[in-house]
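The values are calculated or read from the model by the stated rules, or taken from the named source; none is laboratory data. Bear in mind that the values here come from a model prediction, so they are computed numbers and not experimental data. In this analysis, Cβ positions are derived from the backbone assuming ideal geometry, glycine residues included, and neighbour counts consider all displayed protein chains. Each accessible area value is taken on the protein alone, full model and side chains, heavy atoms only, with ligands, DNA and RNA left out. Shrake-Rupley method; radii C 1.70, N 1.55, O 1.52, S 1.80 Å.
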Amino acid sequence: MVLSENGTDVCRYYLEPGKNVPEIVITVDKVSKKYIIAHQNVDRNPTIKDAFAGTARSLMRRFRTPLDTSPLNTTKEEFWALSDISFQIGQGDRVGIIGRNGAGKSTLLKILSRITEPTKGRIVLKGRVASLLEVGTGFHPELTGRENIFLNGAVLGMSRSETRRKFDEIVDFAEVEKFLDTPVKRYSSGMYVRLAFAVAAHLEPEILIVDEVLAVGDIAFQKKCLGKMEHVASEGRTVLFVSHNMPSVLSLTRRCILLEKGLVVAIGETERVVGQYLKQFESLLSNSGMAEFTDADRDMSLQGPKGKLTRARLLNENGEQSGTFAEGEPVMLEMGFRILEEVQEVQLGCTVRSKNGQVNLFTTPSPEYQQTLPPGDYSVRVLLSPNHLREGEYILTLKLFADGQRQDHVPDTLGLVIQHDASVGQNRSYFQLWVKGNMKYDYRWGEIQADSKLQQKGAR
Amino acid sequence: METREIVIEAGRSESQYWKDLWRFRELLFFLTWRDILVRYKQTVIGVAWALIRPLLTMVVFTVLFGRLAKLPSEGVPYPVLVFAALLPWQLFAGSLTECSHSLIKNASMISKTYFPRMLAPLSAMVTGFADFLLSLVMLGILLAVYRVVPDWRILTVPLFAAISVGAALGLGLWFAALNVKYRDFMQIVPFVVQIGLYVSPVGFTSSIVPEEWRTLYYLNPVVGAIDGFRWALLGTSHSLYVPGIISSVAIVILLCASGVWYFRRTERTFADII
């Protein structure tokens, strides 16, 4: 097992005993990607005026303080989404890329797909690469299913003759024969996704890069997609798969790369690496309902200049801090934040997801507090009551907005454990077998009504 | 299938880029095909719009400049004079507009897939060209109605069309790339096109421009294209102002070269900021 301690050395390919050395098809050598975050102007589409105004402002500053030798625009901050990533992947390998939000997974995929360039480093890919960062890229709503198959094929790098050859297979797979000549804007979202995936699945690249696309579509179709991807890999093609969904990572990949804050933390057998990934959350869940944030916790690509979240804690009904609650017990979340520049309005929020899945269960947006807040530390509480969460482990993501702009985003930061309430469901083992889902609702079952009676005799 | 090796590193080599552009030629075809297909979907009269717009402009300009302002037409029926100029103008204006918006329009593709980004403006150019071909047919009909018979000079039309296309491409590459970062160009381009229609000799002939302003006037490359079209199609009375054409061609070359340079220079960050 090759484990990259610091992510700086080239990780040699891990050999299983008794197997031939596969040909290396992907070599990633010390790749880094830097983004510049402009704190002054969070708006990603700056206008010329901003550019001029920014320059004028800094010129003015320079004029006033001629001895200031700092660069003209000091509000720009470098952010390394990836730093010195190295690994190799052999032909026919199925490799998962996992990590928390903001770990650099998407950036890595974008670089491998040549959408954006690395700032440093070098990658060598052998063979045709197809990447599926989104289902249906290039689909045009006004065009028919038939037209979109050809268009999407071309976008993904298929030649016209290739698409024509695969056309029937694609249509079969997507189950949309009847609607081939209907504009896709009239498709249901399920049909749309099926068609889009079908085109991509019939590409014949040597290297297939897939990002989380399986999170869409119904379960039957998801299974079909997984099957297709397994098939692709069994034909000796290489599959790179990014996902938050641990069950599909486990079933689909043999090796995994775990990224954390732009570094490779572990490379190796899927089960071991997934275990290591999930352990991060276990430490969260034992954090007894309290967290303080440093820059390392923040998603630095989603920062604003006016404020940041500083801490959070969970309190029970008695005002005691705790990470564990009973089913139905109200949960009080307290969020602490620091305002750096005076703001006119703030809004906070918390998104809750279960530990094992990527699906967000719900978000609690605060009202828009129309209050002038001078720089300083503040806190606010939100009471989750009634608490509809069922027994299980949950992860919280916290957000701060001010003056209509995102200021801070702290992903996967606080763990919340909900324990079974013994007073509910007396026949427990039976109850547990068939009661599914993370949420509990208020529901009222009615009385059983007798609609009609069957004759006692000769009823059969 | 041949195994090819792709090397990804900062500042990819220039030669690989142009090879890729060739390799992705089918995508160019499909993007163009998509734009043309989508253009007139869910319209009642469809492609006829491509003809109605220049025809109505022609009528308005004929009344405005020919009848009301009584500008000289040099012996050619005024509608024909206007339409011959509208062709290169619309080729330029249409291509420029499409080209400038091409990257924004394909933003989702740019942030989710790889292809040489120059394909987007190029395919937009082809779409503009398709409209031009349709208008050419319309011009043929007009010439027949007014019994204007062009001579051998009609063979030079492609050259002047190329000036229009080149000017649109050069400027369009600049605007498309700038648009990614500064959406101001969404406002600037329609404005340039609107003003350009009156500044260029579409409703009148360039001969009414005083001699001393000529050199300056021909800095607008479309003037060369329009003059050329009239000279090539309407014959006798129009002589070609050769220095003007040369300056137009020079400007077009300058625009295209600088446009390609700027586009290539900014291209690598498109996906990050679009």
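Evaluating 6.51 cos²θ - 1.76 cosθ + 1.60 at θ = phi - 60° for every residue in segment A:154-165, the Karplus couplings come out as 5, 4, 7, x, 8, 7, 4, 5, 4, 4, 4, 5 Hz, glycine and proline recorded as x. Among B:Val189, B:Val148, the sequence by solvent-accessible area, most first, with a 1.4 Å probe is B:Val148, B:Val189. For segment A:134-157, accessible area lost to neighbouring protein chains reaches 20 Å² or more, against the chain alone with a 1.4 Å probe, at A:Glu134, A:Thr137, A:Gly138, A:His140, A:Glu142, A:Leu143, A:Glu147, A:Phe150, A:Leu151, A:Ala154, A:Val155. Across the cross-link table entries A:Lys30/A:Lys228; A:Lys110/B:Lys181; A:Lys178/B:Lys41, which are compared at the Cα atoms, the separations over 26 Å belong to A:Lys30/A:Lys228. Candidates B:Met109, B:Leu159, B:Gly128 compared by Cα position along the dipole of segment B:14-273: farthest toward the positive end lies B:Met109, with charges placed on Cβ. The listed residues A:Ile36, B:Ile6 rank as A:Ile36, B:Ile6 when sorted by accessible area, largest first, using a 1.4 Å probe. Shielding by partners for peptide A:23-33, expressed as the average number of C-beta atoms from other protein chains within 10 Å of each residue's C-beta, is 1. In this assembly, the A-B interface accounts for approximately 4200 Å² of buried accessible surface in total, computed with a 1.4 Å probe and without ligands, DNA or RNA.
Amide H contacts for A:Ala326 (H built 1.01 Å from N in the peptide plane; partners 5 or more residues away or on another chain; cut-off under 5 Å): A:Gln419. Using the Cβ of A:Leu361 as centre and a radius below 13 Å, the other residues enclosed give a net charge of +3, where K and R count +1 and D and E count -1. Beyond 20 Å, how much of the Cα-Cα pair distribution for segment B:59-159 remains, as a whole percent? Here the tail beyond 20 Å accounts for 53 percent of pairs.
The Cα atoms of segment A:207-335 cover 59, 37, 28 Å along the three principal axes, with the biggest extent listed first. Using Cβ point charges alone (K and R +1, D and E -1), the dipole size of the protein assembly as shown about the Cα centre works out to roughly 1220 debye.
Residues considered: B:Glu212, B:Glu98, B:Glu26. Largest GNM mean-square fluctuation over chain B, using C-alpha springs under 10 Å, is found at B:Glu212. Can you find, among A:Leu396, B:Val252, B:Pro79, the residue farthest towards the positive end of the dipole of the protein assembly as shown? Put +1 on the C-beta of Lys and Arg, -1 on that of Asp and Glu. Farthest along the dipole direction, towards plus: B:Pro79.
On average, how many beta carbons from a partner chain sit within 10 Å of the beta carbon of a residue in B:108-117?
On the way: counts 5, 6, 3, 6, 13, 13, 11, 6, 1, 0.
That works out to 6 on average.
B:Arg25 sits with roughly 110 Å² accessible to a 1.4 Å probe, with DNA, RNA and ligands left out of the calculation.
In segment B:161-194, which residues become less accessible by 20 Å² or more once every protein chain is in place, relative to the chain on its own, using a 1.4 Å probe? Correct list: B:Lys181, B:Tyr182, B:Arg183, B:Asp184. On the beta carbon distance between A:Lys279 and A:Arg164, with R0 = 60 Å, the FRET formula returns roughly 0.75. Where the alpha-carbon atoms of segment A:235-302 are placed on the principal axes, they occupy 48, 27, 17 Å, in descending order.
If a helix is a whole DSSP H run, which ones in chain B reach 15 Å or further along their own axis (Cα) and hold a mean Kyte-Doolittle hydropathy of at least 0.0? Can you show the working numbers first?
Details: long enough: B:25-39 (21 Å, 0.49); B:48-61 (20 Å, 1.78); B:78-105 (39 Å, 0.94); B:119-145 (40 Å, 2.07); B:157-181 (37 Å, 1.62); B:184-199 (22 Å, 1.46); B:221-234 (20 Å, 1.11); B:242-267 (37 Å, 1.20).
Result, helices passing both filters: B:25-39, B:48-61, B:78-105, B:119-145, B:157-181, B:184-199, B:221-234, B:242-267.
Of the residues A:Phe293, B:Phe129, ranked by 1.4 Å probe accessible area with the largest first, the sequence reads B:Phe129, A:Phe293. Positive contributions from Lys and Arg (+1) and negative ones from Asp and Glu (-1), summed over other residues with Cβ under 13 Å from the Cβ of A:Arg313, come out at -1. Computed from backbone phi with θ = phi - 60° and the Karplus coefficients 6.51, -1.76 and 1.60, the 3J(HN,Hα) list for segment A:79-94 is 9, 8, 6, 9, 10, 6, 7, 9, 6, 10, 10, x, 5, x, 7, 10 Hz; x is used for glycine and proline. Apolar share of the accessible surface for segment B:49-189: 73 percent from carbon plus sulfur atoms, 1.4 Å probe.
What's the long-distance tail for segment B:14-273, i.e. % of Cα pairs beyond 31 Å? Taking all Cα-Cα pairs of segment B:14-273, the fraction more than 31 Å apart is 28 percent. When peptides A:347-355, A:193-201, B:194-202 are sorted by average Cβ neighbour count within 10 Å, with the highest value leading, the order is A:193-201, A:347-355, B:194-202. Rg then Dmax, both in Å and based on the Cα atoms of the protein assembly as shown: 31.9, 115. Cross-link partners of B:Lys112 among aspartates and glutamates, defined as those whose alpha carbon lies under 18 angstrom from its own and excluding same-chain residues fewer than eight positions apart: A:Glu117, A:Glu134, A:Asp211, A:Glu212, B:Asp20, B:Glu267, B:Asp272. In this structure A:Trp80 has an accessible area near 90 Å², from a 1.4 Å probe over the protein heavy atoms. With a 10 Å cut-off around each Cβ of A:107-116, the average count of Cβ atoms from other chains is 4.
Order of A:109-121, B:220-232, A:365-377 by packing, highest average Cβ count within 10 Å first?
Listed from highest to lowest mean packing, they are B:220-232, A:109-121, A:365-377.
About its Cα centre, segment A:330-401 has a charge dipole of approximately 340 debye under the convention of +1 per Lys or Arg Cβ and -1 per Asp or Glu Cβ, with nothing else charged.
Give me the 1.4 Å probe accessible area per residue for segment B:14-273, excluding ligands and nucleic acids, in Å².
Ligands and nucleic acids excluded, the figure is 44 Å² per residue.
For A:Leu384, the residues whose modelled amide H falls within less than 5 Å of its own, excluding neighbours fewer than 5 places apart on the same chain, are A:Val331, A:Met332, A:Leu333. With both residues required to sit in segment A:189-343, DSSP beta bridges show an antiparallel share near 80%.
Proximity of backbone amide H atoms, modeled 1.01 Å from N, is registered between A:Ile97 and A:Phe241, A:Val242, A:Ser243, A:Ile257 at under 5 Å, excluding neighbours fewer than 5 places apart on the same chain. Each residue was assigned an accessible area with a 1.4 Å probe, and for A:Arg272 the value is about 80 Å².
The charge dipole of chain B, taken about the Cα centre with unit charges on the Cβ atoms of Lys, Arg (+1) and Asp, Glu (-1), comes to about 460 debye, rounded to the nearest 20.
Once the Cβ-Cβ distance of A:Glu177 and B:Ile208 is raised to the sixth power relative to R0 = 51 Å, the FRET efficiency obtained is 0.20.
So for each of B:39-45, A:88-94 I average, over its residues, the number of other beta carbons within 10 Å; can you give me the resulting order with the highest mean first? Don't skip to the end; give the middle numbers.
Details: B:39-45: 11.3, A:88-94: 20.1.
Per-residue mean Cβ counts within 10 Å order the peptides as A:88-94, B:39-45.
The string of couplings for segment A:114-129 from the Karplus curve (6.51, -1.76, 1.60, θ = phi - 60°) is 6, 6, 10, 8, x, 7, 9, x, 8, 10, 10, 10, 10, x, 6, 10 Hz, one whole number per residue in order, with x for Gly and Pro.
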